[in-house]
Amino acid sequence: MRFEEALWPQQVLRRISIHIAGEVVVSKSPGSVLRKWREIFGASQLEIARHMGVTSSVISDYEKGRRNPGSSFIRRFVEALLEVDASRGWPTVSKLVRMLNLNYLGAVLDMEEFEYGVGLDELIDAVKGIPLNSMLLDSKIYGYTVVDSLKAIVSLSGSDFLNLLGATSQRAVVFTNVSTGRSPMIALRVSTIKPAVIVMHGLKKVDPLALWIAETERTPVILSVAGSAREIVDRLRRLSSSPLST
């Protein structure tokens, strides 16, 4: 089993990976940080070396500062840590999720930053969308978050909604498994920071209150008629790296 297909959503593992890699990169003693994280995960140099396809002496050289780790080595090192943890049932990742306050990511299906600003029309095209109100957006959109609304209702606190905005509030938040749209729009209403666009997927009947909130908050609301949440994610990922061609 690949570790990203197991217990934890890929977004959780990605955030933990970025946290570890970032600490290595900014440290004045990257070798010491590598050793620290290996010991936190309870892995031996030999275990990490096996997962990386190198000898344990290579790991030792990096940890003792005889070699400086580049981006490729750091990425493979972090992947090895996660693979070791996966083989043991994720004991360390489970602790890090609580320590880093990443529980909200259990409701996140995907979260990315765009490599360039995209217009509202491009986003509508990507999600196979139909505008539900007349709000226009002059500024560009710089990222997206796709959320399972049912899981969000169960697991997210009010403050967790802010975490869904990622690096910028100029993003689209896509809610899947939506029935009437009331819950996502109430979350928007009470949040101090608002996303640029709301997209709803699976909508069966539009709640008038949801549309009223959208008008009051001056937020474009889009109905996605894509076949599945998976299709939305795939099309948004294509949009995140290059203009979507249809």
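Could you list, ordered by first residue, the pairs with Cβ atoms under 6 Å in which the first is in region 172-183 and in the same structural domain as residue 231 (by TED's automatic domain parsing) and the second is among the small types (Gly, Ala, Ser) and part of a helix (DSSP H, G or I), at least 6 apart or interchain?
175/149; 176/229; 177/149; 178/149; 181/210; 182/210
Quick check, is residue 198 at pLDDT 75 or above and either within 22 Å of residue 18 (Cβ to Cβ) or of a type in the set (Asp, Glu) (or both)?
Against the criterion (at pLDDT 75 or above and either within 22 Å of residue 18 (Cβ to Cβ) or of a type in the set (Asp, Glu) (or both)), residue 198 does not qualify.
Taking only region 30-47 into account, find how many residues are among the aromatic types (Phe, Trp, Tyr) and either at pLDDT below 95 or in a helix (DSSP H, G or I) (or both).
1
Would region 64-80 turn up any residue that is under 12 Å from residue 17 (Cα atoms), in the same structural domain as residue 12 (by TED's automatic domain parsing) and acidic (Asp, Glu)?
Among the residues of region 64-80, at least one is under 12 Å from residue 17 (Cα atoms), in the same structural domain as residue 12 (by TED's automatic domain parsing) and acidic (Asp, Glu), which makes the answer yes.
If residue 200 meets every condition in (1) under 14 Å from residue 145 (Cα atoms); (2) part of a helix (DSSP H, G or I) apart from one, which number is that one?
(2)
The values are calculated or read from the model by the stated rules, or taken from the named source; none is laboratory data. From a predicted model like this one, the values you see are computed outputs, not experimental measurements. For neighbour counting, all protein chains shown are included, and Cβ atoms are generated from backbone atoms with ideal geometry for every residue, glycine included.
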